[in-house]
1. Only one of Leu10, Leu17, Leu37 is outside any loop (DSSP other than H, G, I, E, B), out of contact with any Phe, Trp or Tyr (no Cβ under 8 Å at 6 or more places or on another chain) and not assigned by TED's automatic domain parsing to the domain that holds Arg189. Can you tell me which?
2. Of all residues in region 40-91 being aromatic (Phe, Trp, Tyr) and in contact with a helix residue (DSSP H, G or I) (Cβ under 6 Å, 6 or more places away or on another chain), which is surrounded by the most Cβ atoms within 10 Å (Cβ to Cβ)?
3. Sort out which residues of region 135-160 are within 19 Å of Val113 (Cα to Cα) and crowded, with 19+ Cβ neighbours inside 10 Å, and write them in order of number.
4. So which of Arg213, Arg148 ends up being within 16 Å of the ligand (Cβ to nearest atom), at pLDDT below 95 and either under 24 Å from Thr2 (Cα atoms) or in the same structural domain as Ile41 (by TED's automatic domain parsing) (or both)?
5. So Glu165 passes all but one of these: (1) surrounded by fewer than 19 Cβ atoms within 10 Å (Cβ to Cβ); (2) away from the ligand (no atom under 16 Å from the Cβ). Which condition number does it fail?
6. Given the criterion among the β-branched types (Val, Ile, Thr) and under 20 Å from Leu207 (Cα atoms), identify the matching residue among Thr160, Thr144, Thr176.
7. If you go through region 20-34, how many residues are outside any loop (DSSP other than H, G, I, E, B) and β-branched (Val, Ile, Thr)?
8. Could you check, for region 182-189, whether at least one of its residues is away from the ligand (no atom under 15 Å from the Cβ), of a type outside the set (D, E, K, R) and in contact (Cβ under 8 Å) with a residue 24 or more places away in the chain?
Amino acid sequence: MTARRVHSHLRQLVAVLQETYPDAHCALNFTTSLELLIATILSAQCTDVRVNSVTPTLFRKYRTAADYVAAAPEELAKDIQSTGFYRQKAHTIQRCCEALLQQHNGAVPDTMVALMQLPGVGRKTANVVLGNALHRPQGIAVDTHVQRLAQRLGLTTARTPDKIEQALLELVPRKTWTLFSHLLISHGRAICKARVPQCGVCPVHHLCPSAPREGHG
Ligand code: SF4
């Protein structure tokens, strides 16, 4: 597909997905950038629903980076137990909050470079926090849904999250970066599922090179 056609497809794709998922937004509950940073760390290998079931109590108990650092490791681990890998996650949260205290006076920084220097924070987490809590998008968060859909929709042939993100950044207008990730995640959860995509009821099948065509099964 030529670059011009990809751009045109992309515009149509975003329009249809926006119509289909008008409420697409960050599925993790939070009220501050620190809360979203912690929730995103907890979401590794865990559903957003499960994270959301733990965070109301957690966020009431730990309000600042200093609160997490001061906690006994086993107590923090217990508080996040149901999200899985809780000892490792507790350790990561405490190291991350230590760095926030030492380097940023306890505040969550608002640049990609500074965020990625925090222990436990990779590009995806940084993108989630920058786009949703700080409203300063500097990239597109690529999770497994975004990765799979970008490939199926023919937006890129890249295979790694970093390369997929770079390809999407070239195509997607900056003001749509954060929303684009939510739209693909919504569509990935609802219809373009990992094992069996429901192409027969897909609202963007006419824009998708992976859709089965008539006469081709
Ligand atoms: Fe996914 Fe099928 Fe829709 Fe393409 S047509 S986006 S593969 S569900």
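1. Leu37
2. It comes out as Tyr68.
3. Quick first cut of region 135-160, residues within 19 Å of Val113 (Cα to Cα) only: 135-142.
Once the filter is applied, which keeps residues that are within 19 Å of Val113 (Cα to Cα) and crowded, with 19+ Cβ neighbours inside 10 Å, region 135-160 yields Pro137, Gly139, Ile140, Ala141, Val142.
4. On the way: Arg148 fails: at pLDDT below 95.
Matching residue, one of Arg213, Arg148: Arg213.
5. (1)
6. After ruling out the rest, the residue left standing is Thr176.
7. Matching residues across region 20-34 total 1.
8. yes
The values are calculated or read from the model by the stated rules, or taken from the named source; none is laboratory data. Keep in mind that what you see is a predicted model, and the values were worked out from it rather than measured. Methodologically, a virtual Cβ is constructed for each residue, glycine included, from the backbone with ideal geometry; neighbour enumeration extends over all protein chains shown.
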